[in-house]
Each structure stands twice: as C-alpha cells, then as structure tokens.
Amino acid sequence: MIDHVGLTGQIDLLATRFSYLVVVALIGIGLYGVTASPNLVKKVIGLNIFQVGIFLFFVTSGYVTGAAPPLLGHGSGPYASPLPHVLILTAIVVGVSLTAVALALVVRIYDAYGTLDEDAIEEVRSHD
Amino acid sequence: MTDALPLLVVVPIVLALAPIAAGRLRENTGWIAAAVAAVVHLGLSVSVALTVRSAGRVSYAVGGYVPPFGIELVADGVSAALVVLVSAVTLAVVVYARAAGPRSNTFYSELLVLTAGISGMFVTADLFNLYVFLEITGLATYALVATGRSPAAALAALKYLLVGTIGASLYLLGVGYLYISTGSLNMADLAGLLPEVGYDSPLILTGFALIAVGLGVKTALFPLHTWQPDAYAESPDSVAAYISALVSTASAYALFRVLYTVFTPAFDAAVPVALDTLVVLASVSVVIGSVLAVLQSDLKRMLAYSSVSQFGLVVAGFAVVNETALVGGLVHLVGHAVMKAGLFVAVGALAAVAGGRTIDDLAGMADRAPVVSAAFAVLALALVGVPPAVGFAGKWHIVLGAVEGGRWIVAGVAIVSTLLTLAYFARVIERLYFRDAPAPAGVAEQPDATAAADADAALTADGSGAGSGGSDADGTPGVDAGDVPDADAVDAPVSTVPMRARLIVVAAAVAAVVLGVFATDLIAAFEPVVEVSFQ
C-alpha cells in the first residue's frame with residue numbers, strides 16, 4: 001500500500017497502477033458513448049467499450065509482479081492468478097452474444113424507420 | 001436427490017435446442033418441446049422442494065469441484081419455493097402461448113433459455129455464476145420482447161438491452177471489487193471473509209453500491225426503471241406475463257441473496273447508512289411507481305408501473321433488516337409474481353375482446369367476459385392487499401416488520417401505496433362492472449351470446465371462445481366447437497376470451513387466494529432460511 005503521497009509517490013502510483021487509469025477511462029468513454037450519442041450503432045459500440053473496461057479491471061487483478069504465466073512447466077512460482085482470466089473469458093462470450101442481439105435489433109429498427117438516429121426515430125414515432 | 005438441482009438448468013437449456021433442430025423437419029415442434037420441458041421442470045422442482053422440506057438445505061458441487069473453489073448450487077426453503085414458482089409460471093405460459101401466440105419455434109427456444117437462466121439465478125450460490133445466469137436471463141428476455149411484430153417492440157428491446165447490460169456490468173464490477181478484496185466468489189464463503197477485511201473498507205462499500213445499483217436496474221426500482229414500461233407494453237401478452245412474473249423477481253431474489261447470504265445483517269450493524277439509503281430508494285420507488293401507474297391510460301403500462309411500485313415494496317421489506325419484514329418481502333415477491341402474471345394474461349384477453357387496451361376500452365366488459373373480469377377483480381384486490389389473498393400476507397408482514405424495526409417511513413409508504421394501488425385498480429373495476437359498453441361497438445344486440453358465455457363459465461370444455469371472424473386466437477382444433485355463434489365478429493377481433501386464457505386467469509386468481517390462506521405454510525418454509533441469516 002502506498003501511504004506517502006509525495007510527488008515520487010504519485011509518479012510511482014501512475015507507473016505501477018496505470019492500467020487502473022485505463023480502466024476508468026474506458027468505463028467513462030463507454031458510458032459517455034451510450035448516453036451521449038443519438039446513433040444506435042454508436043451506443044452499442046459504447047456499450048462494448050464500457051464492458052472492455054470492466055474486463056481489463058478483472059484481468060489486471062490477476063497480475064502478480066514478477067510472476068510466471070499460470071502454466072505447468074513454464075518457470076516456477078509465483079504464478080499469475082488464472083481465475084480472473086477464466087471469468088473474463090466467460091464474460092467476453094456473454095458480451096459477444098449481447099452485441100449480436102443488439103445489432104440484430106438495430107437492423108430491424110433501421111428497416112422499419114430508415115434511420116439509426118434516436119431523435120429522428122422519436123420524431124417519426126410522435127407523428128404516428 | 002441433489003442431482004435434480006443442476007437438471008433444473010440443464011433440461012430447459014438442452015430442450016431449447018430441440019425446436020431449432022427439429023423445426024427443419026416439422027413445424028410446431030416448439031410447443032411440444034416447451035411443454036415437455038415445463039412438465040419435467042415441474043417434476044424436478046417439486047422433487048427439490050420435497051427434499052428441502054424433509055432434509056433442509058441441499059447443496060451440489062458443479063463438476064465435482066468442492067466449494068468454495070468450485071461453483072456451488074444450493075436449494076433452501078426460499079429458492080425451492082421460487083423454483084416451483086418458475087415451473088408453475090412456465091407451464092401456465094406455455095399453455096397460454098398455444099392460444100395467444102407467438103407460435104414460432106424460436107419463440108419457444110427463447111422461452112426455454114429464459115427458464116434455464118431464471119432457474120439458475122435461483123439455485124446458484126456463486127456470485128460470478130449469478131452474473132452469467134443474469135445475462136442469460138437478460139439475453140433471452142431482450143429477444144422475447146422483440147418477438148412483438150411492431151418496430152416499437154424492437155426499439156423497446158434495444159433500450160432494455162442497453163440499460164440492462166449496463167446494470168449487469170455494474171453488478172459484475174461490484175463482484176470484481178469483492179473478489180479483489182477477499183479472493184472468493186462463493187456466497188457463503190464471502191460471508192465469512194468480508195468481516196475479516198472489514199465491512200467499512202472502501203473496496204467493499206464500493207462493491208456493495210455497484211451490486212445494489214446493478215441489481216436495482218434489473219429489478220426496475222424507480223430512477224432505474226426506464227426500460228421496463230416499454231418492454232412490458234410492447235411485448236406480446238404471453239411474454240409480458242412471463243417476464244413480469246419472473247425476470248424482475250429473479251433480480252430481486254439476487255438482491256436478497258447478496259444482502260442476507262453475502263453481506264448478512266452484521267453489515268447493516270457496521271454500516272447502517274448503506275441499507276438506510278436502500279430503504280429511501282425503495283420507498284421513493286413505491287410512491288412514484290404507484291403515482292405513475294395512476295396516471296397511465298394504457299393497461300399494460302399501468303401494470304408495468306405497478307410492478308415498479310411493488311418491487312419497491314419488496315426491496316423495502318429486505319432493507320428493513322428484521323425477520324418479519326424480510327419474510328414479508330419474500331412472501332410478496334412470490335405473491336406478486338402469481339398476481340402480476342394473472343393480471344397480464346387477463347388484460348391481454350380482455351383487450352383482445354374489447355378491441356383496445358386503454359382503460360376506457362374495457363367499459364362494460366364484465367357482461368362480455370364475466371369469468372375473466374371476475375378473476376381480474378380478484379387479482380386486483382389481491383394486489384391491493386385485501387385479506388385473505390397473498391398480497392395482504394406480504395404487505396402485513398412488511399408493515400409489521402417496519403414498525404418493529406422503527407422504520408416508520410416504510411410502514412407509511414406501504415399504506416400509501418395500498419391506497420394508490422386501490423386507486424388505479426378501482427378505475428378499471430369500475431369500467432368493467434359499472435359502465436355500459438359503448439354503443440358503436442355493435443355488441444349490444446347479442447345478450448344471448450353473453451348468456452351462453454356466462455353459462456359455461458365454470459370451465460367446462462364446451463364453451464371455448466371460438467376464434468371467430470378469421471382470428472387466430474385459438475389454434476387448437478379440439479376446442480373450436482364452441483356454441484357461441486359468430487354474431488358479433490364484425491369489428492371486434494375476438495368474440496369471447498379463449499378457453500386457455502380463461503383457465504390461466506382463474507388459476508392465478510385461485511392461486512393468489514390459496515397462497516394467502518396458506519401463507520403461514522409459505523412463511524414456515526422461509527423462516528429457517530431467514531433465521532440462519534440473522535444468527
């Protein structure tokens with residue numbers, strides 16, 4: 001744990017924990033994409049970026065400084081923790097399925113309204 | 001017979017493939033596969049319930065890996081009761097969908113995947129496994145909502161997908177925080193490890209907040225409910241009945257597990273502010289959900305907002321943190337599922353006969369569909385909380401527990417919500433019974449047909465609503481020989497309510513009352529689980 005919050009401490013923090021900054025950035029960018037863009041496909045892309053941020057968070061947690069890959073016969077311990085990686089493999093599969101369903105729905109919506117713009121669709125619907 | 005536990009998930013998921021595979025050879029295999037799966041599922045869940053009743057908690061280690069390292073499935077009094085509920089609702093919806101559609105094979109595949117996902121959520125004892133089942137449930141639900149033919153249904157499904165996925169991902173992030181601080185994902189194991197780390201550690205508090213918000217989205221609590229009214233209103237009737245009964249219920253159950261099996265009441269003692277916040281959120285949800293329900297003119301939207309309010313009440317019961325309120329919340333969870341499924345089927349059936357689904361369209365419907373109207377009234381009053389129905393048993397314990405625990409806000413909100421529930425259902429019952437049907441509907445001249453419908457209302461098989469005027473409301477040839485002539489099929493799509501819908505609504509009404517009368521037995525099944533949590 002880093003208790004001293006001097007300048008060197010902060011640089012240390014950045015140098016050793018920079019992946020968490022990437023996690024926060026990805027989650028933020030993803031959420032912004034989902035909420036701010038009126039384009040339905042961009043919303044789905046934003047959702048993917050958001051999820052990738054969470055995946056990176058898990059994968060990072062399995063990292064052990066100076067550890068060998070968790071494979072028998074590849075160096076001796078300590079090994080990196082394989083469990084978060086396996087969990088995230090499952091979550092990636094879930095994410096891919098979600099993207100597939102989302103894009104299928106987007107295709108149907110585009111066929112019906114002729115646009116991917118959420119505001120335009122809302123306008124068409126309000127005239128119905 | 002602990003092997004029945006994994007089969008609860010495996011059977012529907014394997015049979016979900018059957019309609020797609022066999023559909024190449026023959027049409028309409030979907031319904032048969034779904035019916036087989038529902039019956040087998042019922043047998044399995046009853047056997048699990050009987051085992052739990054005689055032997056207590058049942059545990060199963062998936063793949064032979066001993067928990068806490070492997071994934072553990074657990075059935076106790078609460079999950080056994082809910083799994084039986086899943087079977088019963090699945091069976092009812094499969095029977096109803098035969099008449100009401102959609103009829104495609106893929107619909108039944110999606111329904112079975114959903115059954116598997118929900119069953120998994122009820123029996124798993126592992127936080128990450130719960131995430132996987134949460135997403136299986138979500139995926140199947142998004143697809144089912146989109147089985148509505150209109151483009152609005154696709155839009156509602158996409159909205160649900162975006163919001164629901166963010167909710168589930170926040171849950172996953174919260175699980176990540178707990179995993180990083182403790183190194184475990186098994187619920188019972190986490191209960192022991194969390195106090196060692198310290199309940200007030202920022203990691204654990206953040207994890208709790210993320211999990212609560214994630215499941216709050218999936219349960220559709222007030223500020224997070226925006227996906228829900230569209231999804232319920234745009235999906236076909238049979239889908240709306242199924243997801244309103246089970247999908248949010250499964251998420252609320254997951255919240256119960258997280259609160260009581262993972263965090264335990266000791267967490268509330270250490271960090272009271274966490275559950276205080278949840279009480280406030282749930283109470284706001286109760287009041288605003290009810291008010292929005294009163295403002296709706298579309299019946300399905302009204303029922304949807306009613307769910308926002310009722311789930312607020314359930315979560316408030318959980319968040320009071322004493323045994324009485326928790327039991328009340330669980331009873332209301334089960335009761336709401338039965339009542340809301342029945343109400344959605346009733347509304348679908350009445351709207352089909354009336355030719356529209358706003359409240360005003362139902363004027364005078366009690367004469368044209370007496371059985372369904374009566375059952376609707378019973379279900380509505382049950383949800384309001386009129387004794388002896390199950391709505392009363394649940395609300396009574398929540399209020400009692402809230403008073404015991406000094407949470408006056410919950411007691412007050414429960415009573416206000418009861419009045420508001422009465423307000424939005426009284427409007428419908430008044431239209432059904434005390435208004436005349438509008439004159440231009442062209443149905444006033446056939447009192448003999450309604451008399452016939454009245455006479456065979458007692459569920460005899462001869463009086464099925466013949467799907468008249470080319471409507472496809474009743475696809476089974478065996479019950480088409482109804483004695484109601486096609487006199488009134490001019491502009492109304494269906495002359496009377498299909499037999500199957502009538503059967504389901506009456507069964508739901510009877511179940512709501514029977515569950516209420518035997519509420520003490522239900523409570524007796526929940527109490528051992530609740531007592532363990534409070535030790």
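Can you pull out every residue in segment B:384-412 that is outside any helix (DSSP H, G or I) and touching a residue at least 40 places away in the same chain (Cβ under 8 Å)? I'd like the intermediate steps shown before the answer.
Here is the first cut: in segment B:384-412, the ones outside any helix (DSSP H, G or I) are B:385-389, B:405-407.
B:PRO387, B:PRO388, B:ALA389, B:GLY405, B:ARG407, listed by residue number.
Only one residue in A:THR115, A:THR60 is more than 9 Å from every other protein chain (Cβ to nearest Cβ) and either loosely packed, with under 11 Cβ neighbours inside 10 Å or in contact (Cβ under 8 Å) with a residue 40 or more places away in the chain (or both), so which one is that? Spell out the reasoning first.
Details: A:THR115 fails: either loosely packed, with under 11 Cβ neighbours inside 10 Å or in contact (Cβ under 8 Å) with a residue 40 or more places away in the chain (or both).
Answer to the check: A:THR60.
Considering only segment A:35-48, state which residues are buried (at least 19 other Cβ atoms within 10 Å of the Cβ) and out of contact with any Ser or Thr (no Cβ under 8 Å at 6 or more places or on another chain).
A:LEU40
Criterion first (touching a residue at least 60 places away in the same chain (Cβ under 8 Å), within 9 Å of chain A (Cβ to nearest Cβ) and under 20 Å from B:LEU224 (Cα atoms)) does B:ALA157 satisfy it?
On the way: touching a residue at least 60 places away in the same chain (Cβ under 8 Å): yes; within 9 Å of chain A (Cβ to nearest Cβ): yes; under 20 Å from B:LEU224 (Cα atoms): yes.
Here the answer is yes, as B:ALA157 does meet what is asked.
Only one residue in B:LEU170, B:LEU161, B:LEU194 is farther than 21 Å from B:ALA252 by Cα and part of a helix (DSSP H, G or I), so which one is that?
On the way: B:LEU170 fails: farther than 21 Å from B:ALA252 by Cα; B:LEU161 fails: farther than 21 Å from B:ALA252 by Cα.
Selected residue: B:LEU194, the only one of B:LEU170, B:LEU161, B:LEU194 that is farther than 21 Å from B:ALA252 by Cα and part of a helix (DSSP H, G or I).
Quick one: which helices (runs of 4 or more DSSP H) lie wholly within segment B:291-372 and hold at least 1 residues that are in contact with a Lys or Arg (Cβ under 7 Å, 6 or more places away or on another chain)? Break it down into steps so the answer makes sense when it comes.
Values: elements: B:299-319, B:323-354, B:365-368.
Once the helices (runs of 4 or more DSSP H) in segment B:291-372 are filtered for at least 1 residues that are in contact with a Lys or Arg (Cβ under 7 Å, 6 or more places away or on another chain), what remains is B:299-319, B:323-354.
Check segment A:8-22 and report whether any residue there is assigned to a helix (DSSP H, G or I) and closer than 18 Å to B:TYR171 by Cβ.
no
Considering each residue of segment B:213-237, count those that are over 26 Å from B:VAL280 (Cα atoms), in contact with a Gly (Cβ under 7 Å, 6 or more places away or on another chain) and not charged (D, E, K, R), and give that number.
2
Listed residues B:VAL39, B:VAL66; which is under 23 Å from the mean Cα position of the chain (by Cα), loosely packed, with under 15 Cβ neighbours inside 10 Å and not in a strand (DSSP E or B)?
Exactly one of B:VAL39, B:VAL66 is under 23 Å from the mean Cα position of the chain (by Cα), loosely packed, with under 15 Cβ neighbours inside 10 Å and not in a strand (DSSP E or B), namely B:VAL39.
Of these, B:ALA21, B:ALA16, B:ALA37, which one is over 20 Å from B:ALA125 (Cα atoms), touching a helix residue (DSSP H, G or I) at 6+ places or on another chain (Cβ under 9 Å) and without any contact (Cβ under 8 Å) to a residue 12 or more places away in the chain?
B:ALA21
Filter segment B:121-148 down to residues that are within 18 Å of B:LEU111 (Cβ to Cβ) and within 10 Å of chain A (Cβ to nearest Cβ), then give me how many there are.
10
Quick check on this structure: which one of A:LEU7, A:LEU26, A:LEU83 is away from every other protein chain (no Cβ under 13 Å) and of a type outside the set (S, T, N, Q)? I'd like the intermediate steps shown before the answer.
Numbers: A:LEU26 fails: away from every other protein chain (no Cβ under 13 Å); A:LEU83 fails: away from every other protein chain (no Cβ under 13 Å).
Unique residue meeting the criteria: A:LEU7.
Looking only at segment A:48-74, how many residues end up being modelled with pLDDT of 90 or more and farther than 21 Å from B:TYR177 by Cβ?
1
Does segment B:286-303 include one or more residues that are touching a residue at least 40 places away in the same chain (Cβ under 8 Å), over 28 Å from B:SER238 (Cα atoms) and buried (at least 24 other Cβ atoms within 10 Å of the Cβ)?
Looking for residues that are touching a residue at least 40 places away in the same chain (Cβ under 8 Å), over 28 Å from B:SER238 (Cα atoms) and buried (at least 24 other Cβ atoms within 10 Å of the Cβ), one finds none in segment B:286-303, hence no.
Looking for whichever is free of Cβ contacts under 8 Å to residues at least 24 places away in the same chain, within 11 Å of another protein chain (Cβ to nearest Cβ) and part of a helix (DSSP H, G or I) here; the options are A:VAL106, A:VAL93. Which one fits? Steps first, please.
Values: A:VAL106 fails: free of Cβ contacts under 8 Å to residues at least 24 places away in the same chain.
Going through A:VAL106, A:VAL93 in turn, just one is free of Cβ contacts under 8 Å to residues at least 24 places away in the same chain, within 11 Å of another protein chain (Cβ to nearest Cβ) and part of a helix (DSSP H, G or I): A:VAL93.
The values are calculated or read from the model by the stated rules, or taken from the named source; none is laboratory data. On a predicted model such as this, the values are computed, not experimentally measured, just so you know. Note that we place each Cβ from the backbone using ideal geometry, even for glycine, and neighbour counts take in every protein chain shown.
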